[in-house]
Amino acid sequence: MRTGDYKQTYGELVALIDSPPVWLWSAVLLLALIAAPYLLNSYTLSFLMIILITVTGALGLNILTGYTGLISLGHVGFLVTGAYAYAVLVSKYHMPPLVGFLGAGVVPALASLIVGAPSLRLKGLYLAITTLAFSFIINTVILEMRWLTNGARGIQVQRPEIFGISFDSDAAFTYLCLAIAALTLFATLNIRRSRVGRAFVAIRDNDTAARVMGINLHAYKLFAFVTSAFITGIAGALYGIYLSFVSVEGFPFLLSIEALAILIVGGLGSALGAVLGTVLIVLLPEATRLVFSLFSAQMDATFTTGAQELKSMLYGLVIILFLRFQPRGLVGAWHDIKRTWVHWPLRY
């Protein structure tokens, strides 16, 4: 009877994927995503674009909160900074889109040093409040710098053209989002199994022990903030392009709560959890609306008019349920199912 998986070499321990079936199913999923723009209608395709953009942003937050254990409520601040950096460079100064994406990552990364510096002394709730204040400060700065950001009027953004390839259509833009999401997933998986990723996890588990082991807490915490902000800024640029218009109103504080809900529901510290949590959280309001619309047309109208309030309620309810019944998220539930399948009829 199978008793478990054993790693006999260091190479097996740090392997990106050590299971042939996982490689097979990953390839099948990638082929399905490539074929999706030709099989889905425009309404369903919009959900796929949102999922891919949200996956990119959630993976960025997962480096900071999931890997390093630094709780952030200012995720939306990095999103809006990245969106405005792209819009200003491309729409106002007519820079190439690749330069815009680079700026969308670099500008939030530099801004993260401002909020990252207090993290060297703060933890838990105090750090969360600091990051929350940062997001409100960023919004105020954007509104006041009218000469650069147009203030409350916002900036119009067009779909990019890169290397002569136009991403104006929804199908083409979906491929751009898929490419960036796949690269981000590959990068975060490699960060997790690297020396830097192991230092992040050591800081998350016990920063005092990590310091005794010779890990530079200041350097690695700042690096976590910079890396997270860089990835999140690129996700913000994609979201701004998706909306075709960048403004402060397009990036409400609810996005920060949604990002945390994704990590809690999917499983903190897991790249797979960030993906699974994104799919559930993004599709949850629509699935709930469809279920209630079967019973009453008035409920369907309520979901349409009070979408933001109902989404907040759903996110809060899901967070409470997962924290109470499945603290390890969907990834933990998947591991429990696999363990039950392998060891049945035994319990352990």
With r defined as the distance between the Cβ atoms of Trp147 and Asn216 and R0 fixed at 51 Å, what FRET efficiency is calculated, to the nearest 0.05? 0.80
Can you pull out the chymotrypsin sites (Phe, Trp or Tyr not before Pro) in the range 49-144 whose DSSP state is coil and whose Cβ has at most 15 other Cβ atoms within 10 Å? Tyr93
Using only the alpha carbon atoms of the range 1-112, find the Kirkwood hydrodynamic radius as the inverse mean reciprocal pair distance, in angstroms to one decimal. 17.8 Å
Whole-percent tail of the Cα-Cα distance distribution for the range 109-261, cut at 29 Å, equals 30 percent
Of Pro285, Thr54, Val88, which is farthest on the positive side of the dipole of the range 36-343, counting Cα position, with +1 on Lys and Arg Cβ, -1 on Asp and Glu Cβ, and the Cα centre as origin? Thr54
Restricting to Cα pairs under 8 Å and 6 or more apart, the percent relative contact order of the chain works out to 27 percent
Kirkwood Rh in Å, taken over all unlike Cα pairs in the range 36-343: 20.0 Å
Evaluate the charge dipole of the range 36-343 about its Cα centre and quote only its size in Debye, nearest 20, assuming +1 on the Cβ of each Lys and Arg and -1 on the Cβ of each Asp and Glu. 980 debye
Solvent-accessible area, 1.4 Å probe, carbon plus sulfur percent, for the chain: 70 percent
Over all directions, average the projected area of the Cα convex hull of the range 198-276 and note it in nm². 6.3 nm²
From the backbone phi of the range 310-327, what are the Karplus-calculated ³J(HN,Hα) couplings (6.51 cos²θ - 1.76 cosθ + 1.60, θ = phi - 60°) in whole Hz, Gly and Pro given as x? 5, 5, 4, 5, 5, 4, x, 5, 5, 4, 4, 5, 6, 5, 7, 10, 8, x
Looking at the chain, identify the longest residue range that excludes and avoids all trypsin sites (Lys or Arg not before Pro) in DSSP loops having at most 16 other Cβ atoms within 10 Å. 194-346
Using a 1.4 Å probe, what is the accessible area per residue for the chain, in Å²? 53 Å²
Take the Cβ-Cβ distance between Phe245 and Leu110 as r, set R0 to 30 Å, and report the resulting FRET efficiency rounded to the nearest 0.05. 0.75
To the nearest 10 square angstrom, how much accessible area does Tyr10 have with a 1.4 angstrom probe? 140 Å²
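The values are calculated or read from the model by the stated rules, or taken from the named source; none is laboratory data. A quick note: this is a predicted structure, and the numbers were derived from the prediction, not measured. Using ideal geometry, Cβ is built from the backbone for each residue, glycine included, and neighbour counts are taken over all protein chains shown. Quick note on the areas: whole protein, heavy atoms, side chains included, nothing else; ligands and nucleic acids left out. Shrake-Rupley method; radii C 1.70, N 1.55, O 1.52, S 1.80 Å.
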